Every structure is written in structure tokens, then in C-alpha cells.
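Undergrad: This structure is in C-alpha cells; I'll ask about it shortly.
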Amino acid sequence: MAEAPKTQEFWRWPETNWVNPDIDWKKGKLITSGVDVGSVSTQAVIMVDAEFYAFGNTRTGSDSPNSAIKGMDYALEKSDLKLENIDYCIGTGYGRVNVPMAQQSITEISCHARGANYMYGPEVRTVMDMGGQDCKAINIDDRGKVLNFMMNDKCAAGTGRGMEVFADLIHVPVWEIGPRSLQVPKEPPMISSTCVVFAKSEVVGLLEQGVPESEIMAAYCSAMAHRIMELLNRLGVKEKFVITGGIAKNEGVVKRLEKELGIKTAEQIWYKKEYTDRGYPFDTQLAGAMGAAIFGNTLLKMGKAKSARKA
Amino acid sequence: MIANYGFQDGSGNWYVIFDTEKCNGCGKCVEVCPEKILAVGPDEFDIFREGPVAFVKHDERKKVRYSCAPCKPGFGEKPAPCAGACEFNVIAHSDGWMACFKDSHQ
């Protein structure tokens, strides 16, 4: 049988994991974790007494339970902490009911709100979660409690998955689309539809006409920014405004959204200054899992949940 | 909390809006909904809330445009059954259905 041709997959973003060298988990009282199984990516975050201890960020496979296990194993890879040592695990995201190690599941809206509050600080009022397959606009208070939310999960138009499909189509790695889309002398008219299928045929048309790649990227990014803006305008944006999820890493979309809204997004740095000083990685995709892990800690402390620690 | 269940698409905003602070979870709206899309239970968006709250069932959230249309919510002569049954004014509908209502009378 003929071998399948080796093609480069431009949508494949690199998986990452990290463990905090400054924390000895054995000295911690409550070890909680959150697993956010999204449609495109899966994150596991482990916290020791509500301090950031470890994370793993992987691509979601074809089934949620295995993706959750993979994400958790990846987070534990560089640590001697074992799954049995974890007090409480909360599942969140699209596949939250299918997280085998979780004792409870919480919606990703609550978790992203709580996570953004922890990562960016209590001044955050609007959180836009740009996920792989849907987007959610959330207004929150200073404790990270949801005040108002609106989601758009009807289809994957203008979301992370759409960006991946686009990356593959124009043969540009997905993380290069943002910076390259900004290298245009003049802003081109946006792609008229964010529907992945329609946008794809429109892009093929533009490629055939010989339109430069960077202009097509700019056109796609602005179409995406415009779609997010419609949702945000309905909800009402207040500062401090943050974007979580994978699209927050695409400056082509973020910059254009800021321009259309007239509001800057908060800088992607830790609210806790010592985290930045020690060089802890800041990843916008972690907000959901981080929120879940913090909820675990709170629930245990309040006595609303019981530790499931086995060792 | 203001909970917006539904979606936005090229044809408008299709959201059933609950002001959960005012809701006591009595369930009168659930009883009168002709399409049976509502339910009462724990608040999935606020895990610390004590007491039940009314919401749109999970499977129905992507279909509210069609399931709510027969009631002409909010823009007919009478309020939609769910909104009419609620004594605390918890439930409202977004403007998507307004256009439907106007169209049918022009």
C-alpha cells in the first residue's frame, strides 16, 4: 500500500507544560486541580493551597476522557506529584462531564470568570473567552463572580478552530498569522463571512487572484474581530477588559478588536507581581482550568466538598 | 446574574434572558411553557448560590429561536406565557423576535 504523503500540519500549535520550582507540594495542605477539556485544547492546572503549581496544555483528541487523562499526565510529567495526591479535581469545558478523575464539574463560564480574576486581578470587569468552538462574553465583579454572560455556540465561525483551518489553507503556522497579518501597508476589506466553509472558499478565491498572503490574513483577522465585537457590544464592555483562550494569543485579532471597540485589552501579565518576577509562564488558555482548581480549593475550605485524596 | 440563553446569528439576537437575582425558583414559568424548554434546578453558573433557579434546558439553548417563536415573546398583545406567569419579572426576550412579529403583521 502506498504510504500517506508527509504533509506539514500548519494548525498544530506546540503543547506546553511546566512545574513551579518554588513550591514543594508535600508541604501544601490542599492540592486541587482543574481540567478544562475544550473542543480543540485540553488544559490541566494543579494548585497547591491556591498557588499556581503546574500545568499541561495539550490538544484534545477524539475522545474527552483520554484527552483529560493525557492533559493531566502531561501536567504531572515534570513533578513527583501523583494523581492520588490530589485532594480535589474539577472538570470544566465542553467535555466536563467526561473527565474521569474529576469529582465535580462546573461550567466553563464560571471557571473562566474566576480564572481571569485570579490571573489578571480583581479589576477585571469583562472577560471574552475565545475558545476553539465557541465564544463567550462575560461581565464579572471583583471576586470573579459572573454578573452577566452571553455565549455564541451556534457554530464555529470565527473561533479558534476556524483559525486553524485557515492556517492549514494558506500554509502558514497558526502562531504566525497574528504578527504577519499586521504587516500590511493598508487594511484590506474583511472577509465577508466568518463561516469557516464560506470563508475558506473566499480565501481560495483571493489566493487565485494573487492577493498577498499577509493581506488575506489581515482580512480574516478583521472578520473575526468584527464578529467578536458584535457579541461584546450587546453585552457591554467595561475596563479592565481581558481575552482568554487561544485567540488571545493572536495579536492580529486582538489589535483589530481593540481598534474597533476603542478599548485596550489588559496586558497579559500576572496580577501577582511575584509570579511575573519569578518568570512563571502566563498562558491565556489556562484561565478555565485555573478557575476550576481555585473553585476546588474554595469548596474544600468551605466544607462543601470532601477531599478525595488517596495517598 | 443576568443569564442569556440562546445565540446570535446573521438574522439577529435570540436570547431568553433571566435575571437570576430576582428568581426564587418557584417553577411557575416551567409549568406554563408550551414548548417545555424551561427547568428549575441548581444554578450551574453560580455554584455558591443557595436554592434553585429557573433556566433554559441545556439541549434547548441552540433552538430557542424556533421554540420561542410561537409565543411571540414580549412583542405581542400579551406577554409570553413564561414572562406573564412570573411575578418577579425574571424573564425577558431579546429583540430577535420583534422582527418576526412585525413581519407577520405587515
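Undergrad: Compare the Cα positions of A:Asn148, A:Leu257, A:Ala44 along the charge dipole of the protein assembly as shown (+1 at Cβ of Lys, Arg; -1 at Cβ of Asp, Glu; about the Cα centre) and return the one farthest towards the positive end.
TA: Towards the positive end, the residue furthest out is A:Asn148.
Undergrad: Next question. Sorted from largest to smallest, which semi-axis lengths in Å does the alpha carbon gyration tensor of the range A:126-261 give for its equivalent ellipsoid, taking the root of 5 times each eigenvalue? Please list the in-between numbers first.
TA: On the way: eigenvalues 147, 42, 30 Å².
Result for the range A:126-261: semi-axes of 27, 14, 12 Å.
Undergrad: On C-alpha positions alone, give me the angle between the axis of helix A:196-208 and the longest principal axis of chain A, in degrees, nearest 10.
TA: 40 degrees
Undergrad: Using the scaling law 2.2 N^0.38 Å as the reference, what is the normalised Cα Rg of the range B:2-104?
TA: On the way: Rg = 13.1 Å, N = 103, 2.2 N^0.38 = 12.8 Å.
Ratio of Cα Rg to 2.2 N^0.38 Å: 1.02.
Undergrad: Here's a follow-up. Assuming 1.567 mPa s and 4 °C, estimate D for the range A:7-49 with Stokes-Einstein, Rh taken as the Kirkwood radius over Cα pairs, in µm²/s. Don't skip to the answer; put the middle values down first.
TA: Working: Rh = 13.0 Å.
Estimated via Stokes-Einstein, D reaches 100 µm²/s.
Undergrad: As a check on your grasp of the helix formula, calculate [θ] at 222 nm for chain B: sum -39500 (n - 2.57) over DSSP H runs of n ≥ 4, divide by the residue count, round to the nearest 500. The partial results should precede the final answer.
TA: Details: 4 runs with 24 residues, N = 106.
Calculated mean residue ellipticity at 222 nm is -5000 deg cm²/dmol.
Undergrad: Let me ask something else about it. Can you list which of the GluC sites (Glu not before Pro) found in the range B:1-86 are DSSP loop residues with at most 15 other C-beta atoms within 10 Å? Spell out each step's value before the answer.
TA: Values: sites: B:Glu21, B:Glu31, B:Glu35, B:Glu44, B:Glu50, B:Glu60, B:Glu77; in loops: B:Glu21, B:Glu35, B:Glu44, B:Glu50, B:Glu77.
Passing sites in the range B:1-86 are B:Glu21, B:Glu50, B:Glu77.
Undergrad: Among the listed pairs A:Lys70/A:Lys249; A:Lys136/B:Lys36; A:Lys145/A:Lys240; A:Lys154/B:Lys22; A:Lys240/A:Lys264; A:Lys145/A:Lys264, give every one whose C-alpha distance is greater than 19 Å. Intermediate values should be presented prior to the final figure.
TA: Working: A:Lys70/A:Lys249 23 Å; A:Lys136/B:Lys36 26 Å; A:Lys145/A:Lys240 15 Å; A:Lys154/B:Lys22 28 Å; A:Lys240/A:Lys264 8 Å; A:Lys145/A:Lys264 22 Å.
Table pairs above 19 Å Cα-Cα are A:Lys70/A:Lys249; A:Lys136/B:Lys36; A:Lys154/B:Lys22; A:Lys145/A:Lys264.
Undergrad: Also, I was wondering about something else. Taking the Cα-to-Cβ direction at A:Lys154 and at A:Lys259 and moving 7 Å from each Cα, how far apart do the two end points lie in nm?
TA: My value for the distance between the label points is 2.7 nm.
Undergrad: Same structure, new question: Around B:His93, which amide H atoms from residues at least 5 apart in sequence, or from another chain, sit under 5 Å from its own amide H, with H modelled in the peptide plane?
TA: Distant-sequence amide H within range of B:His93: B:Ile17.
Undergrad: Hey, another quick one. Return one number: the angle in degrees, 0 to 90 and rounded to the nearest 10, between the long axis of the Cα atoms of helix A:108-120 and the longest principal axis of the Cα atoms of chain A.
TA: Once rounded, the angle reads 80 degrees.
Undergrad: Could you work out which residue, out of B:Ser11, B:Ser67, B:Ser94, moves most in a Gaussian network model of chain B, that is, has the largest mean-square fluctuation with Cα springs under 10 Å?
TA: Of B:Ser11, B:Ser67, B:Ser94, the most mobile in the Gaussian network model is B:Ser11.
Undergrad: Residue by residue, what Karplus-based ³J(HN,Hα) values in Hz, rounded to whole numbers, does the range B:26-34 have, using 6.51, -1.76 and 1.60 with θ = phi - 60° and x for Gly and Pro?
TA: 3J(HN,Hα) across the range B:26-34, in whole Hz: 5, x, 5, 5, 4, 5, 8, 5, x.
Undergrad: How big is the charge dipole of the range B:2-104 about its Cα centre, in debye rounded to the nearest 20, if each Lys and Arg gets +1 on its Cβ and each Asp and Glu gets -1 on its Cβ? The partial results should precede the final answer.
TA: Values: 12 positive and 15 negative charges, 65 e Å.
Result for the range B:2-104 is approximately 320 debye, rounded to the nearest 20.
Undergrad: Same structure again: Counting other Cβ atoms within 10 Å, keep those with at most 14, restrict to DSSP loop, and tell me which GluC sites (Glu not before Pro) in the range A:1-100 are left. The partial results should precede the final answer.
TA: Details: sites: A:Glu3, A:Glu9, A:Glu15, A:Glu51, A:Glu77, A:Glu84; in loops: A:Glu3, A:Glu9, A:Glu15, A:Glu77.
When the GluC sites (Glu not before Pro) of the range A:1-100 are filtered for loop state and at most 14 Cβ neighbours within 10 Å, A:Glu3, A:Glu9, A:Glu15, A:Glu77 remain.
Undergrad: Which of rounded, prolate or oblate describes chain A when judged by the alpha-carbon gyration tensor and an a/c cut-off of 1.5?
TA: Numbers: a/c = 2.05, a/b = 1.52, b/c = 1.35.
Prolate shape, in that a/c is at least 1.5 and a/b is the bigger ratio.
Undergrad: In the range A:126-261, what percentage of the DSSP-assigned beta bridges are antiparallel, given to the nearest 5?
TA: Counting DSSP beta bridges with both partners in the range A:126-261, the antiparallel share is about 75 percent.
Undergrad: Mean-square fluctuation check for chain A, GNM, Cα pairs under 10 Å: which of A:Thr276, A:Thr107, A:Thr194 is largest?
TA: The residue with the greatest mean-square fluctuation here is A:Thr276.
Undergrad: OK, next. Please list, ordered by chain and number, the residues whose modelled amide H lies under 5 Å from the amide H of A:Asn148; skip anything fewer than 5 residues away on the same chain.
TA: The answer is A:Asn139, B:Ile2.
Undergrad: If you build a Gaussian network model of chain A, linking Cα atoms that sit under 10 Å apart, which residue out of A:Lys301, A:Lys186, A:Lys70 swings the most?
TA: Among A:Lys301, A:Lys186, A:Lys70, the largest mean-square fluctuation in the Gaussian network model of chain A belongs to A:Lys186.
Undergrad: Ok, one more. Mind computing the radius of gyration and Dmax over the alpha-carbon atoms of the range A:68-187? Å is fine for both.
TA: In Å, with Rg to one decimal and Dmax whole: 17.7, 56.
Laboratory data are not the source of any read-out in this text; all were calculated from the coordinates shown. Please read these numbers as outputs of a predicted model, since none were measured by experiment. Here Cβ is always computed from backbone atoms with ideal geometry, including for glycine, and neighbour counts include all displayed protein chains.
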